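Chemist: Sharing a structure, written as structure tokens. Questions coming.
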Amino acid sequence: MIYEFFSVDNVFFTVLGYPMSYLEFFGTILNIVCVWLVARKNIWNWPVSIAAVILFGALFYQIRLYSDFIEQIYYLITGFYGWYVWKKLGKSDDETNDPDFSIVSMSIKEKAVTGAMIAVSTFGLGYLMARIHVIFPAWFPEAASFPYLDAFTTAMSFAAQLLLVWKRFENWYLWIVVDVVGVWLYFEKDVKFVSLLYLVFLIIATNGLFSW
């Protein structure tokens, strides 16, 4: 039963001829809730994100977006880390009486280092993912789809996630770029509900940019 739930071929329902898997539907809903909570500076975004990345990890592995699959493992780790950091720094929900949610902007040096790391990570991860089906055929039996574009959004997401944990304002600029690319990429991979999710992410990220 659990194996069936985590199969991308296990259809939850069909809408306008599009088969919606359990993974895609519930992973999308949880991700929307997560990003909405982040924009509200609510610490509960972290446990919700942990559940969401487990579902999306299974989804991306099965549709051969391997960089995205690795990205979900990273999100899982940073989800626990971010939960710990935000809890340590103080409650972050605007509706609490604790005002401790210190947002800071990045220095020029931090921006330069972040940009360089994104560029290096994109080419390094893209090169690896373009050949991973040859290097590890037992684990990745088919060639990756859009290895360099997928690597670019993954590298951007890695950086954005850390900036979010550290409460850097610029995390929203990176998320907006990731979301714009994601809308097109997931539509091309025929996971249209995830593409729609990234459109929602784009709207919420834009709101987060102004609300932070």
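The values are calculated or read from the model by the stated rules, or taken from the named source; none is laboratory data. Just so we're clear, the structure is a prediction, and the values are computed from it rather than from any experiment. Because the Cβ atoms are built from the backbone with ideal geometry, glycine has one as well, and the counts that use them run over all protein chains shown. The area values use the complete protein model at the heavy-atom level, side chains included, leaving out ligands, DNA and RNA. Shrake-Rupley method; radii C 1.70, N 1.55, O 1.52, S 1.80 Å.
Chemist: What is the helix-to-structure angle for 45-62, meaning the angle in degrees between its Cα long axis and the longest Cα principal axis of the chain, kept from 0 to 90 and rounded to the nearest 10?
Modeler: 20
Chemist: Angle, helix 192-211 long axis vs. longest principal axis of the chain, Cα atoms, 0 to 90°, nearest 10?
Modeler: Result, in degrees: 10.
Chemist: Starting from the 7 Å offset along Cα-to-Cβ, what nm value, one decimal, do you get for the label separation of V11 and R131?
Modeler: 4.0
Chemist: Relative to the longest principal axis of the chain, what angle (0 to 90°, nearest 10) does the C-alpha long axis of helix 66-89 take?
Modeler: It is inclined by approximately 20 degrees.
Chemist: Non-local amide H neighbours of S21 (under 5 Å, H modeled in plane, Pro and chain starts lacking H): which ones?
Modeler: When sequence neighbours closer than 5 places are left aside, the close amide H contacts are F12.
Chemist: Sticking with this one: ³J(HN,Hα) across segment 185-191 via Karplus (A = 6.51, B = -1.76, C = 1.60, θ = phi - 60°), whole Hz, x for Gly/Pro?
Modeler: With coefficients 6.51, -1.76 and 1.60, one gets 4, 6, 5, 5, 7, 6, 10 Hz.
Chemist: Here's a follow-up. Would you mind putting 131-144, 59-72, 155-168, 196-209 in packing order, based on average other-beta-carbon counts within 10 Å, highest first? List each step's numbers first, then the result.
Modeler: Values: 131-144: 12.9, 59-72: 23.1, 155-168: 20.5, 196-209: 18.8.
Highest-to-lowest ranking by the protection proxy: 59-72, 155-168, 196-209, 131-144.
Chemist: Evaluate E = 1/(1 + (r/R0)^6) for K111 and A143, where r is the Cβ-Cβ distance and R0 equals 41 Å; express this FRET efficiency to the nearest 0.05. Present the calculation step by step, with values, prior to reporting the outcome.
Modeler: On the way: r = 35 Å, r/R0 = 0.84.
It comes out at approximately 0.75.
Chemist: Let me ask something else. Could you give me D for segment 105-200, from Stokes-Einstein at 37 °C and 0.692 mPa s, where the hydrodynamic radius is the Kirkwood radius over C-alpha pairs? Units µm² s⁻¹, please.
Modeler: Working: Rh = 14.4 Å.
Diffusion coefficient, whole number: 228 µm²/s.
Chemist: Something else: I'm a student and want to see the number: the projected area of the Cα convex hull of the chain, averaged over all directions, in nm². The partial results should precede the final answer.
Modeler: Working: hull surface 49.4 nm².
Dividing the Cα hull surface by four gives the mean projection, 12.4 nm².
Chemist: Quick one: what are the phi-derived ³J(HN,Hα) couplings along segment 164-178, Karplus 6.51/-1.76/1.60 with θ = phi - 60°, whole Hz, x for glycine and proline?
Modeler: Those phi angles translate into 5, 4, 8, 6, 8, 4, 5, 4, 5, 4, 5, 4, 5, 5, 4 Hz.
Chemist: Given the convex hull of the Cα atoms of segment 15-64, what is a quarter of its surface area in nm²? Write down the numbers at each step before the final one.
Modeler: Working: hull surface 15.9 nm².
The Cα convex hull of segment 15-64, projected and averaged over all directions, gives 4.0 nm².
Chemist: Search the structure for amide H atoms under 5 Å from the amide H of F169, placed 1.01 Å from N in the peptide plane, and list their residues when 5 or more places away or on another chain.
Modeler: So F169 has HN proximity to V104, S105, M106.
Chemist: With a 1.4 Å probe and all protein chains left in place, how much of the accessible area of segment 82-212 comes from carbon and sulfur atoms, in whole percent? Before the final figure, lay out the partial values.
Modeler: Working: 4940 of 7100 Å².
Carbon-and-sulfur percentage of accessible area, whole number: 70.
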